[in-house]
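Input: a single structure, listed below in structure tokens.
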Amino acid sequence: MMTSSVGMVNASASGTWKLGDLEVNRLGFGSMRLAQNGPAFGRGDSSERGRAVAVLRRAVELGVNHIDTAAFYFSPLRSANELINSALAPYTDDLVITTKVGPGRDPSGEWLWADPEQLRGQVEENLRQLGRDHLDVVNLRIARSHTSRSVADHFGALADLRDAGLIRHLGISNTSPEQLAEAQDIAPVVCVQNMYGIDSPPEHHAFLRACGDQGIAFVPYWAIAGAGRETGASHTDDEKLLTVARAHDATPAQVRLAWTLHQGPHVLAIPGTGNPDHLAENVAAGALRFSDAELALLTS
């Protein structure tokens with residue numbers, strides 16, 4: 001399953017895209033699972049620190065230069081941002097760290113959502129944890145129950161922080177086409193980060209294409225987990241996907257990742273793992289190339 005030479009594949013094989021003026025390899029890394037063991041986000045034991053640091057350093061060695069994180073990715077003993085800082089600072093000039101604000105968690109782990117005037121504090125928390133004087137990209141994360149609400153006040157607050165030099169570029173996450181249009185009227189949006197994968201409904205595919213038409217990066221999350229969301233993959237792979245996987249000596253997870261990258265040059269991937277073997281497999285997925293017939297089979 002692509003494991004004999006998997007470590008030789010570099011993330012640059014996935015191609016590149018620019019988030020504003022920041023060029024990244026399209027195969028990146030998501031840090032959500034770094035701080036804890038187990039698939040259920042926010043409900044697992046703290047991760048082994050040395051292993052998490054080693055995974056981050058190995059990701060960069062494999063050419064990953066786009067890392068997705070958030071201050072609310074933490075367990076009782078670990079913080080994803082602090083692990084990134086410990087593993088990778090001083091940061092190389094080509095490393096792009098994308099974070100997100102909106103949600104927050106109190107010390108007990110309970111969730112809360114920031115008002116517009118609280119976003120500056122969340123931005124400053126990310127700056128402090130990462131050890132940076134500005135953030136490359138900040139996504140406004142929308143609550144699942146708020147995808148039909150106005151984002152003007154929240155996005156406007158982030159645009160002010162961008163003008164103040166604390167943020168370089170802005171994005172929006174878990175959003176709708178209407179909210180994206182509203183945000184674009186306030187400040188440029190360089191990326192949309194939404195749930196997306198091979199099993200997504202037609203309206204999600206249409207939104208991905210619309211982002212491409214506007215030159216906006218589309219960054220799927222849960223491309224492997226699908227409906228399993230934070231708890232991890234819960235699906236049974238169908239025979240069409242398994243057929244393509246066998247043809248490429250790949251895993252079904254690699255096919256799912258590679259399929260998302262085939263949806264357009266503006267599509268980026270941010271699979272996350274605390275397992276160094278899975279990391280290498282995820283990076284190797286960026287080198288998979290499917291024929292038109294295989295793509296048609298996967299989407300039929």
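Here, each number is a calculation from the coordinates, and none is a lab measurement. For clarity, every value in this text was computed on a predicted model and none was experimentally measured. Here the Cβ positions follow ideal geometry from the backbone for every residue, glycine too, while neighbour counts run over all protein chains shown.
Summary table
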item	result
Descending principal axes extents, the chain, alpha-carbon based, whole Å	53, 42, 35
Within-14-Å neighbourhood charge of Q254 [Cβ basis; K, R +1; D, E -1]	-2
Least to most buried among S200, S108, S150 (fewest other Cβ within 10 Å first)	S108, S150, S200
Computed over region 232-297: relative contact order in percent, which uses C-alpha pairs under 8 Å that are six or more apart	32 percent
For region 176-218, radius of gyration divided by Kirkwood radius, i.e. Rg to Rh on alpha-carbons	0.96
Surrounding net charge for V219, when Lys and Arg each add one and Asp and Glu each subtract one, Cβ distance under 10 Å	0
Computed [θ] at 222 nm, helices only, for the chain once each DSSP H run of length n ≥ 4 contributes -39500 (n - 2.57)	-10000 deg cm²/dmol
Counted charge near V53, where neighbours are those whose Cβ lies closer than 15 Å (Asp, Glu -1; Lys, Arg +1)	+3
Semi-axes of the equivalent ellipsoid for region 153-300, Cα gyration tensor, largest first, Å	31, 17, 13
Contour excess over end-to-end distance, with Cα ends at K240 and E124 and 0.36 nm allotted per residue	37.1 nm
